[in-house]
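Single-structure report; data block below.
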Amino acid sequence: MTQAQSPKKANTAQSLKAAIKDCMQKDRFRLSKRIQGASRIKNEESRSAVFDEIALDIASSMMTVAQRQQNVPHIEYPEILPVSQKRDDIAKAILENQVVIVAGETGSGKTTQLPKICAEIGRGKFGVIGHTQPRRLAARSVASRIAEEMHTQLGEYVGYKVRFNDKVSENTQIKLMTDGILLAEIQHDRFLNQYDTIIIDEAHERSLNIDFILGYLKNVLPKRPDLKVIITSATIDPERFSKHFSDAPIIEVSGRTYPVDTRYRPLSGEDDVDRDQLQGIFDAVDELCDEGLGDILIFMNGEREIRDTADALSKRGLKETEIVPLYARLSAGEQNRIFQPHTGRRIVLATNVAETSLTVPGIRYVIDRVPRALVAIHTELRFSACRLSLSLRRAPISVKVDAVVWQKVSVFALF
């Protein structure tokens, strides 16, 4: 018998188990259980037939892995972003550690570039690169930005999943989602087998969702040694996250800074705070309009306050000025208005939905005040929390010109 006619080598439990490591992560547990079950079949012919069926499924899963590897688009990094200068250090840390903390200042580019770094070193091949955001608008806009930078159609290589809106496919390798979506998926995917990498963005927000996910991941990691976790945080206290994950390495990235002129305007009195704040906004808007062109972003406490302020500003008859609200309950189409081209001046009235992971185009001025909710924070934490919030709210300034940040604060809230 010639070599070409030699019989095919029989599949065995041992050979099949060895091949599983090259399959999609989500298929591995199921295939492993099938091999265990088939191994208990006493009839050799029947057992061999089942092994052959499993071998076909393994081959199919391996083919999927190969196709995913071939489908990775060409990856480029904007040199203007500080994280691009650190990409080799970040890639090395991810390859050598199961958990990595990336501490980056606002504007560093960590949100959009980290998934690309993961893809470039081969993550996403055996499972999805999951990338969580605290808010739906951020998840959608970041996914759109990454897809644009990678020259792919949104919903293919890069997709997103938020409540009531799922734009992912079988080909998706980078998946943006809210942290609430990841929590929901944990209920039916305890070991997060659909993912080979998870990026928890804006961990410094320390919401209940984020804290629960971080605690859950710490317990899952020993059972998933192949899973990589990247935690991103503002530069305030990244050591706390490192300590939680057994002294995980910290990579620090500087921010992309433009000149910012910060002007503080204390409230004049406490007798009628709402009226004083509204008048303060009017005064700031009038002064900024006199200084020149440029859109204005005003941070507000909530939806009702935004509506009231929008009505009041509209009645002032500002010339060639568009008032745009931005809060979580708006539809995706209404939220996306802030990304659409426009003429004249735009005043965006936003909640903290615009605070992180989001750069609003054309913003030259920010009018801000410490949210009332921060006043209730424990005394020992109040000062650092206020500083963090005010620092993050400089983020939306997106043009290379001198900018002004008006922060309408009560003296007791800062000091």
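Every number here is computed from the coordinates shown, using simple stated rules; none is lab data. Bear in mind the structure is a predicted one, so any value in this text is a computation, not a measurement. So basically every Cβ, Gly included, is an ideal-geometry build from the backbone, and we count neighbours across all protein chains shown.
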Ranked by Cβ crowding within 10 angstrom, fewest neighbours first, how are Arg87, Arg40, Arg163 ordered? Arg40, Arg163, Arg87
Loop-resident sites, the stretch 153-223, for chymotrypsin sites (Phe, Trp or Tyr not before Pro), counting at most 16 other Cβ within 10 Å (DSSP): Phe164, Phe191
Relative contact order of the stretch 82-253, pairs being alpha-carbon contacts under 8 Å that are 6 or more residues apart, as %: 33
Net charge over other residues, Cβ less than 10 angstrom from the Cβ of Leu114 (K, R count +1; D, E count -1): +2
Among Glu105, Glu79, what is the fewest-to-most ranking by other Cβ atoms within 10 Å? Glu79, Glu105
Starting from the Cα of Lys86, draw a straight line to each of the lysines and keep only those under 25 Å, dropping any in the same chain fewer than 8 residues away. Lys110, Lys116, Lys125, Lys175, Lys228, Lys243, Lys400
Most exposed first by the Cβ proxy, i.e. fewest other Cβ within 10 Å, how do Arg190, Arg206 rank? Arg190, Arg206
